[in-house]
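Down below is the structure, laid out as structure tokens.
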Amino acid sequence: MTEESFRNLCLFHTLDGLRDGLTHFSGSSRAALIYAIKPNDPIRVYDPQHLLQGHEPILKELYLQSNQWRKDVSGKILKKMLSGHIHAQKNLQLAGLISFGGRSRSIFYQMWFTEHHPDMCSIGPTECWLEHAVWLLSHDFATEDLLYTRTSGNVLREYATHAVRDYIIDQMNIILGWDTQIRVYPILDAVLGISKTREEKAWPLGELTFVEPKAILEMQFLARFPLLEQPNLSNFKHVRKLLQSVENSERKLISDGKTIVGISADTEETFRITADFRGEYGFLSINNNLVCSFANGNFHSTTRQAKLVEVEEALLESTLDFATGHELFQVISRIVHTAEREKYGCTLVIDFNDTPIEIAGQKSEKKLDLREERFLKLSESLAKLDGALHIGADLKLHGFACLLDGLAIPGEDRARGARFNSALRFTAIHKNVIIVVVSVDRPISVIQEGVELNAQCEWKPVAGCIEPPPTLEHFIA
């Protein structure tokens, strides 16, 4: 195998493993790479799924119209670097993308990219993931051993827990310094283990907080367990039972990373890693800053709340003034997030017409003004009824338990149920209307003119990289 073919194979396996791993962590994700192997080589682009499309002007400005990226670190410095050492290149802050790169002796410059999903708890773990891709590709290019090419891709596929751990370690080093006794891997194992452990068929609820052992000495406890009777963190069943003592309260179980020390509500002034168990899922945070969520024995990047970006865009494109559009978006978000939190399905018809369309359903003698808290709370409850809420551009509820009819159209999905397909049919024959469908077991759907605006695109598998990726000049052209 030629050196060029070997490098192309490394690129393919690394990018494919990265893309697949991020897809499991954050939802359907693409990945791309901009790189130059030697200081004077042309900059190349490996972007098999067109992630960088639309960013050509800024890429041209950064890499073709300027040579600063070549001068940031000289070739002489790279030659003096130890093998395996990476000189990091930070996120380029391109809209809708997360990026991270690095320089090494084997590859002069790399910058990896992936999608910045709107519902991410934090981009930190994803940046760590991209950083590891930099390291693995540099390692493969340096060793020139076929044995490692597939291994790198497999490592990146299964990197979720390691990415979360790496990000937490980075934050601990910034806040606490290098001298800390907290070990993160046992904490992450415990969080996932406890999250899967039921007690009398109930999923865990409550907060488990991990605190640096030195800081525990200064904490005020409601109840502290004797040293020799502190439950081991690895005893998931015992910890799950103890969580019942802090359900639906300000109290938290306190752990030093090895055992459960006691129960306290005094954690605000202390560095802490908190696992917030909310039944079938939960959230991991550092000092109240979300890191990731967890469910089904895995970590994920999602906040588990719909961002409703498509609804926001539709409101901006409508004839509503900015203030009214903002209020309407707050109303829609409130009803949708309540349905998500309480786990019931519902449908919202958002009607932009000056005179709202007629929809068969229940009506109140007076239209309910959703700017009033009492009526908004009532609407949240009315959303539980079969049928849709009909919300006008005047911020009033025009009907509830509404029936949406229409003729069959192409693109219906029998697997999605009556709410989804009725919304497709209804919007296909009614203009100036969007419908938000909240399903109990599926993501939120935003539908307009018979089309699901936020439908996830299933990307085609990446084909093997046979030819060298194009130069950036050719890519832009």
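I'm trying to understand the selection: among the residues of segment 425-448, which are free of Cβ contacts under 8 Å to residues at least 60 places away in the same chain and under 28 Å from the mean Cα position of the chain (by Cα)?
Selection gives Asp441, Arg442, Ser445, Ile447.
Just checking, does segment 401-415 include any residue being outside any loop (DSSP other than H, G, I, E, B) and modelled with pLDDT of 90 or more?
yes
Looking at Arg371 and the list (1) under 27 Å from the mean Cα position of the chain (by Cα); (2) more than 14 Å from Val311 (Cβ to Cβ), which single condition is not satisfied?
Against the list (1) under 27 Å from the mean Cα position of the chain (by Cα); (2) more than 14 Å from Val311 (Cβ to Cβ), Arg371 comes up short only on (1).
Determine, yes or no, whether Leu188 is in a helix (DSSP H, G or I), among the hydrophobic types (A, V, I, L, M, F, W, C) and loosely packed, with under 15 Cβ neighbours inside 10 Å.
Details: in a helix (DSSP H, G or I): yes; among the hydrophobic types (A, V, I, L, M, F, W, C): yes; loosely packed, with under 15 Cβ neighbours inside 10 Å: no.
No; evaluated as a whole, the condition is false for this residue.
At pLDDT 90 or above, in the same structural domain as Glu131 (by TED's automatic domain parsing) and among the charged types (D, E, K, R): does that describe Arg30? Working first, answer last.
Values: at pLDDT 90 or above: yes; in the same structural domain as Glu131 (by TED's automatic domain parsing): yes; among the charged types (D, E, K, R): yes.
Taking the combined requirement at face value, the residue satisfies it.
Need pairs with beta-carbon distance below 7 Å; first residue in contact (Cβ under 8 Å) with a residue 60 or more places away in the chain and within segment 365-382, second in a helix (DSSP H, G or I) and surrounded by fewer than 17 Cβ atoms within 10 Å (Cβ to Cβ); sequence gap 6+ or separate chains.
Nothing qualifies.
Can you tell me how many residues within segment 36-49 are in a strand (DSSP E or B) and either out of contact with any helix residue (DSSP H, G or I) (no Cβ under 8 Å at 6 or more places or on another chain) or of a type outside the set (Ser, Thr, Tyr) (or both)?
3
Evaluate the following for Ala133: is it among the hydrophobic types (A, V, I, L, M, F, W, C), touching a Ser or Thr at 6+ places or on another chain (Cβ under 7 Å) and buried (at least 23 other Cβ atoms within 10 Å of the Cβ)?
In short, yes.
Looking at segment 246-262 only, could you name the residues that are within 12 Å of Leu208 (Cα to Cα) and either surrounded by 15 or more Cβ atoms within 10 Å (Cβ to Cβ) or modelled with pLDDT of 95 or more (or both)?
Listed by number, the residues that qualify are Val246, Arg251, Lys252, Leu253, Ile254, Ser255, Asp256, Gly257, Thr259, Ile260, Val261, Gly262.
Could you say which residue among Ile194, Ile168, Ile187, Ile216 is outside the structural domain of Arg272 (by TED's automatic domain parsing), out of contact with any Cys (no Cβ under 9 Å at 6 or more places or on another chain) and among the aliphatic types (A, V, I, L, M)?
Ile168
Of all residues in segment 197-251, which are polar (S, T, N, Q) and in a helix (DSSP H, G or I)?
Within segment 197-251, Gln244, Ser245 meet the criteria.
Testing Leu397 on (1) at pLDDT 95 or above; (2) buried (at least 20 other Cβ atoms within 10 Å of the Cβ); (3) out of contact with any Ser or Thr (no Cβ under 8 Å at 6 or more places or on another chain), one condition comes back false. Which one is that?
Status for Leu397: all satisfied but (3).
Given the criteria in contact (Cβ under 8 Å) with a residue 12 or more places away in the chain, within 30 Å of Ile435 (Cα to Cα), in contact with a strand residue (DSSP E or B) (Cβ under 9 Å, 6 or more places away or on another chain) and surrounded by 19 or more Cβ atoms within 10 Å (Cβ to Cβ), does Val311 qualify? So that I can check it myself, show each step before the final result.
Working: in contact (Cβ under 8 Å) with a residue 12 or more places away in the chain: yes; within 30 Å of Ile435 (Cα to Cα): yes; in contact with a strand residue (DSSP E or B) (Cβ under 9 Å, 6 or more places away or on another chain): yes; surrounded by 19 or more Cβ atoms within 10 Å (Cβ to Cβ): yes.
Here the answer is yes, as Val311 does meet what is asked.
The values are calculated or read from the model by the stated rules, or taken from the named source; none is laboratory data. Everything numeric here is computed off the predicted structure, so don't read it as measured data. No Cβ is skipped: glycine too gets one built from the backbone with ideal geometry, and neighbour counts run over all protein chains shown.
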